[in-house]
1. Over the chain, with a Gaussian network built from C-alpha contacts below 10 Å, which listed residue (V205, V240, V101) shows the highest mean-square fluctuation?
2. For labels at F9 and E179 in the simple 7 Å Cα→Cβ model, what's the distance in nm?
3. From the mean inverse distance of alpha carbon pairs (Kirkwood) and the Cα radius of gyration, derive Rg over Rh for the range 111-269.
4. Ranked by accessible surface with a 1.4 Å probe, highest first, in what order do F202, F180 come?
5. Only loop residues by DSSP count here, and only those with at most 14 other Cβ atoms within 10 Å; note down the GluC sites (Glu not before Pro) in the range 1-36 that meet that.
6. Can you tell me the length gained on complete extension of the stretch E21 to R269, counting 0.36 nm per residue apart and subtracting the Cα distance?
7. For the range 20-101, just list the percent of Cα-Cα distances falling in each 5 Å bin from zero outward, please.
8. So if each residue of separation counts as 0.36 nm, and I subtract the Cα-Cα distance between L110 and I229, what length gain in nm does that give?
Amino acid sequence: MRAAVVRAFGGPEAVEIVDVELPEPGARQVRIKVTASALNPVDAGVRAGIFGGAGRQIGLGWDVAGTVDAVGPAAAWSAGEEVVALAHGVAAPLGAHAEYVVVDTDAVALAPGSVDAVHAATLPLNALTAVQALDLLDLAPGDSLLVTGGAGAVGGYAVEIAARRGVKVAALARAQDEEFVRSLGATRLVDGAGGADGAGGFDAVLDAAVLGSEALAFVRDGGAYAGVIPQAQPAAERGVRTTAVEVASDGARLAELVRAVDAGELTLRVAGTYALADAAEAHARLAEGGLRGRLVIVP
């Protein structure tokens, strides 16, 4: 099969398409024929060497939407089922930007029935990151939350999920994104980090824009902060509890998110599609910025 990998760190040009052996599922694993797989900022980080692994082949791609192709012993899935999954890992030799991928059976959920595979592929990593970060904040209905990067992929999901839980959500985003973030459930827009608008006034911040201490300034004394890069949260101050999510594969939780998609409660956004052969071009477009939604690799 073909797969997108890096064997030397660098810019988009470091992405290679290579021929590799078809992976075989082991016990409690399934092989998925990939229909679509989103490209995320973490893939750019892997490509640039942020997560290490020098001297090895490293696969790219975490999100997968496709069809179960083969199952290992004790795998609770059947060939032919349409599924989504999170292929978790930053230094594995193969990822989901490939024609096939093997994942643990408990990382898999049935695909949404209301959207195509390209849109479904934007769900696993970003929505699981959002919901697991919200779990760390442990907010009650009526609590106030600021989501930085509220118009982005993780931030957009966080706004929708938190609003559904009865949290009073504000979004830090550009003025031109106000209509969009309000459509997701934000009750107000905060325009510009570090300003007086909302400073110190929120019970919690989910920092999807990775602003760090700038975002922390919006949290009241004794509140909570959750980042989206593991172990990269700012130091605690003013009694504010700081933490960061380390996203984990969770098929049961992913199934809940799929149900939310089919109920019209989560908004899936695709910024464009690229063939697997053009993965380096997709990385170059990601590096340009300005996207709303995810680019998706379609093998």
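1. V240
2. Taking the simple label geometry, F9 and E179 are separated by 4.3 nm.
3. On the way: Rg = 14.7 Å, Rh = 15.4 Å.
Dividing the radius of gyration by the Kirkwood radius yields 0.96.
4. Values: F202 10, F180 55 Å².
Sorted descending by solvent-accessible area, the residues read F180, F202.
5. Working: sites: E13, E16, E21; in loops: E21.
Answer by residue number: E21.
6. Details: separation 248, 0.36 × 248 = 89.28 nm, distance 3.26 nm.
Gain on stretching E21 to R269: 86.0 nm.
7. 3, 16, 25, 23, 16, 10, 5, 1
8. Working: separation 119, 0.36 × 119 = 42.84 nm, distance 2.75 nm.
Extending this stretch completely gives an extra 40.1 nm.
The values are calculated or read from the model by the stated rules, or taken from the named source; none is laboratory data. Predicted model, so just to flag it, every value in this text is computed and none were measured. Note that we place each Cβ from the backbone using ideal geometry, even for glycine, and neighbour counts take in every protein chain shown. Side chains included, ligands, DNA and RNA excluded: accessible areas come from the protein's heavy atoms. Shrake-Rupley method; radii C 1.70, N 1.55, O 1.52, S 1.80 Å.
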